[in-house]
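What follows is one structure encoded as structure tokens, with my remarks underneath.
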Amino acid sequence: MTPAPPGASFGDSAPATRGTSVLVFGLGLLLAVVLRLVLLPTEGFRGDLDQFVLWVHGLATQPFGRAYDQNLSFPPVMVYVWGALAALEPAFRSATDAADPVIRAVMKTPASLADLAIGLLVAWELRGRPRCAVAAGLGILLHPALIDVSAWWGQYESIYVLSGLVAFMLAVRGHPLPAAAMLAVALMTKPQALPFLVPFAAWFLARGGVRGAVLAGIVGAVVIALLWLPFIPAGGPAGYARNLSEYQGDIFAVLSLRAWNVWWLVQELWAGGQFALDGTAIVGPLTFRHVGFLIAGVLEVVVFVAVYRSPTQRTLALGLGAAILVAFTFLTTMHERYAFGALVFLVLLIPERRVLALWIALGVVMTLNLLAAIPPSEQIGALLPISGPLGVAGSLAMIVITVLVLRETVASAREPDPVLRAP
């Protein structure tokens, strides 16, 4: 069993028997599966689901290598996932939207399965402390924010976060090159995995030196090249870059896309709660987007230095959470769900009461943000308006949480012994 950290900690003061823990976890896992099965056919976020189905329809009716002839905004891993759905479900040859409940259920299944895998891996990582393992695993499996994003909305955050979690588990067990490969898979699933690069780069450099970091980079580059291989003859990488530029530079080029962060406060105070373009000049050629990059860049350097100075499992877990939250809180064009990964990496440290408190606070704020952004009913929409005092309070809370997680990461660089250890 992993020894308790110095000072106050959560759980396992009177350890539950392994049999009891397995029973409780099994019942919770069953409930998590049932909840997802109920939500899979629901309408969810129809705008995005309709777009995803249209892309899968294109994969089902056109040559696979020409996927990026469509306006796909995802890297190749999601194309492989959707290509598998197109091959397994013949209805995609005719379906062009998510009107059919069966089609909606099929579209939401990959992310829901990834949710379950994340919960199981989190519990496995903390298995030396049974109560913490059960609490953390079920905290993921039954978390309303994760269920909302994957099983109701039909978004795919959990797939890249799952790859990032596997990369973490490989890295802390002394397998840097497989970890680099999984990190590349995460990056090629959604661009929102980019913050993972900061703490992992520091880890590879600190643990393996320049040679180890270069080898990890080469492995990652090879994996990325292999994933792109089927799409290169038809100009897939260039098509993806063009599509991503259109989405980020035009369609979604606003300060905050319903994400409660620094820029939501600016939109509230400067634009009356309406979307405002992040390309608006502030001084000379300096825009809001530039300011976001500058602030986030400086804070990501802080994360890098902390992990480099203390390449322990604890600091890496905190660094991943901090890197994600820094990007979410200080970059423009953030969506409300992009803090998803921080919930997963911080839950690994819930034996510590300070981190447990931060994880709970983050979960509450993120859940409220999701429900306010896309309310499941008119009543909830009226109760939780995205703008106004609630949005301001949520944004301020997210800023505070981000700063505290960043502070915890920096402090971890000064601690001699990690709390989280590989079994």
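The values are calculated or read from the model by the stated rules, or taken from the named source; none is laboratory data. Bear in mind that the values here come from a model prediction, so they are computed numbers and not experimental data. Surface areas here come from the heavy atoms of the whole protein model, side chains and all, with no ligands, DNA or RNA. Shrake-Rupley method; radii C 1.70, N 1.55, O 1.52, S 1.80 Å.
Give me the percent relative contact order of the range 308-378, please, defined on Cα pairs under 8 angstrom at least 6 residues apart.
Worked out over the range 308-378, it gives 29 percent.
In terms of the Cα gyration tensor, with a ≥ b ≥ c the square roots of its eigenvalues, is the range 307-365 rounded because a/c is under 1.5, prolate because a/b exceeds b/c, or oblate?
Taking the square roots of the gyration eigenvalues as a ≥ b ≥ c, the range 307-365 is oblate.
For the range 355-409 and the range 35-98, what is the centre-to-centre distance using only Cα atoms, to the nearest Å?
Using only Cα atoms, the two centres lie 30 Å from each other.
For residue 352, what residues show an amide H to amide H distance below 5 Å, using hydrogens built from the backbone and excluding near sequence neighbours?
Here 10 satisfy the definition.
Roughly speaking, what is the centre-to-centre gap between the range 207-263 and the range 162-204 when only Cα atoms are used, to the nearest Å?
Value for the Cα centre distance between the two parts: 14 Å.
Check which residues have an amide H placed less than 5 Å from residue 287's amide H, if you skip close sequence neighbours.
For residue 287, whose amide H was placed from the backbone, the distant partners under 5 Å are 282.
Which value, in Å² rounded to 10, gives the accessible area of residue 102 with a 1.4 Å probe and all protein chains present?
Here the residue's solvent-accessible area equals roughly 90 Å².
Which whole-number percent is the relative contact order of the range 183-321 (Cα, under 8 Å, 6+ apart)?
After rounding, I find 31 percent.
Which cross-chain or sequence-distant (5 or more) residues have an amide H under 5 Å from the amide H of residue 334, H modelled 1.01 Å from N in plane?
Result for residue 334 returns 257.
Of the labelled options [x] 41, 35, 22; [y] 31, 26, 25; [z] 48, 25, 21, which one gives semi-axes √(5λ) of the Cα gyration tensor in Å as computed for this structure?
Evaluating semi-axes √(5λ) of the Cα gyration tensor in Å on these atoms matches [y].
Answer rounded, prolate or oblate for the range 142-260, using the Cα gyration tensor with square roots of eigenvalues a ≥ b ≥ c: rounded when a/c is under 1.5, else prolate when a/b is larger than b/c, else oblate.
oblate
What list of ³J(HN,Hα) values in whole Hz, one per residue of the range 95-109 in order, does the Karplus curve 6.51 cos²θ - 1.76 cosθ + 1.60 (θ = phi - 60°) give from phi, with Gly and Pro shown as x?
For the range 95-109, the Karplus-derived couplings read 6, 10, 8, 9, 5, 7, x, 5, 4, 4, 4, 5, 5, 7, 4 Hz, x marking Gly and Pro.
For Cα pairs less than 8 Å apart in space and 6+ apart in sequence, what is the mean separation divided by the residue count of the chain, i.e. the relative contact order in percent?
Over the chain, the number comes to 19 percent.
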